[in-house]
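Everything on this sheet refers to the single structure shown next.
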């Protein structure tokens, strides 16, 4: 697999949307390609960060105030 192919499928790999065969191909490529592994780790970290940030029930007060100001 080439890095370009890996990059095209990386989002779906992170979201576990690939077939088992495609996921295995990506995994094997990542194990041998430090650049693609770095991209994968970044995307995985970003996904966890977004998930963690969205777990709160209420937006921070400063954000709500700013949004009200923009919408007024």
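Summary of values
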| quantity | calculated |
| --- | --- |
| Over the stretch 1-50, relative contact order from alpha-carbon pairs under 8 Å, at least 6 apart, % | 39 |
| Computed helical MRE - 222 nm, the chain, DSSP H runs ≥ 4 contributing -39500 (n - 2.57), nearest 500 | -25500 deg cm²/dmol |
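Laboratory data are not the source of any read-out in this text; all were calculated from the coordinates shown. Just so you know, these numbers come straight off a predicted model, no measurement behind them.
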